[in-house]
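Working notes, beginning with the structure itself.
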Amino acid sequence: MMRIETPWGPWEAAPLGEVVALMRGLAVPWWVSGGYAIELAVGHPYRDHGDVDIALLRRDQLAVRRLLDGWDVHAAVVAGTLLPWTPEEVLAEQAHDIWVREHPDGPWRFQLMLDEADGEEWIYRRDPRIRRPLAGLTIEEDGFHRLAPEVQLLYKATDTRPKDEADFEAVLPLLSNGQRRWLDEALEIEHPAHPWRERLRHPG
């Protein structure tokens with residue numbers, strides 16, 4: 001894994017398999033997200049990854065905090081800062097990005113992302129007009145869940161970077177008509193002029 005320097009200390013992401021093994025101890029729903037969610041959909045590695053992202057619902061946050069008892073866990077409660085997340089502390093609503101490492105002197109190892117939901121419906125935190133049933137949000141693979149690629153691409157569509165473009169190009173041929181249509185309709189709501197929309201409608 002690559003080492004990345006940040007203002008809050010270095011990132012040296014744990015192997016995905018190690019993070020998945022740790023998260024198997026969590027009794028609430030969780031799923032692999034970020035670039036690995038796309039790579040798992042593609043079925044083979046095609047680029048390097050600087051981090052590992054795991055997502056779960058905000059309502060289940062205390063379950064994951066208890067799982068990480070003994071780890072050094074910080075949350076981005078205010079933009080540009082990381083604050084320690086203490087056991088049994090319920091994070092503020094604006095906090096959705098959590099950094100995790102074994103101890104304060106070590107590198108950051110993976111990220112947790114908190115997603116929103118209303119009952120059995122997932123809510124896109126950047127635009128609550130975009131929703132879908134939780135039952136169709138993830139795909140089970142090898143005994144764990146990964147975020148559906150069209151949903152992950154929606155997150156990546158904001159301020160696209162070269163790696164996001166690479167992920168889009170890699171997974172686009174594998175998306176079903178329904179997946180392409182869902183993403184196009186979601187982009188129409190949040191990013192109506194996004195260049196991916198033409199490719200989604202005419203993937204040829």
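The table for this structure:
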{"quantity": "Estimated 222 nm signal from helices in the chain, with DSSP H stretches of n ≥ 4 weighted -39500 (n - 2.57), rounded to 500", "calculated": "-8500 deg cm²/dmol"}
{"quantity": "Probe 1.4 Å, all protein chains present, accessible-area order of Glu120, Glu102, largest first", "calculated": "Glu120, Glu102"}
{"quantity": "Probe 1.4 Å - accessible area at Glu88, Å² to nearest ten", "calculated": "110 Å²"}
{"quantity": "Cβ crowding within 10 Å averaged over residues, with 51-58, 173-180 ranked highest first", "calculated": "51-58, 173-180"}
{"quantity": "Residue with peak Gaussian network fluctuation, the chain [Cα springs, cutoff 10 Å], from Glu165, Glu39, Glu93", "calculated": "Glu93"}
{"quantity": "Chymotrypsin sites (Phe, Trp or Tyr not before Pro) restricted to DSSP loop in segment 27-115 with at most 16 other C-beta within 10 Å", "calculated": "Tyr46, Trp71"}
{"quantity": "Rounded tilt (10° steps) of 162-171 against the dominant C-alpha axis of the chain", "calculated": "60 degrees"}
{"quantity": "If the convex hull is drawn through the Cα atoms of the chain, its volume per residue in Å³", "calculated": "125 Å³"}
{"quantity": "Mean Cα-pair separation over length for the chain, i.e. relative contact order, pairs under 8 Å, 6 or more apart, %", "calculated": "19 percent"}
{"quantity": "Accessible heavy-atom area order of Ile189, Ile123, highest first, probe of 1.4 Å", "calculated": "Ile189, Ile123"}
{"quantity": "Unit charges on C-beta of K, R, D, E only; dipole of the chain, Debye", "calculated": "340 debye"}
{"quantity": "Per residue accessible area of the chain, 1.4 Å probe, in Å²", "calculated": "48 Å²"}
{"quantity": "Accessible surface, 1.4 Å probe, highest first, among residues Ile98, Ile4", "calculated": "Ile4, Ile98"}
{"quantity": "Over segment 150-203: Rg over Rh, Cα atoms, Kirkwood Rh", "calculated": "0.90"}
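The values are calculated or read from the model by the stated rules, or taken from the named source; none is laboratory data. Everything numeric in this text was worked out from a predicted model, so none of it was measured. Cβ coordinates were reconstructed from backbone atoms using ideal geometry, including for glycine residues, and neighbour counts include every protein chain displayed. Note: areas computed on protein heavy atoms with side chains; ligands, DNA, RNA excluded. Shrake-Rupley method; radii C 1.70, N 1.55, O 1.52, S 1.80 Å.
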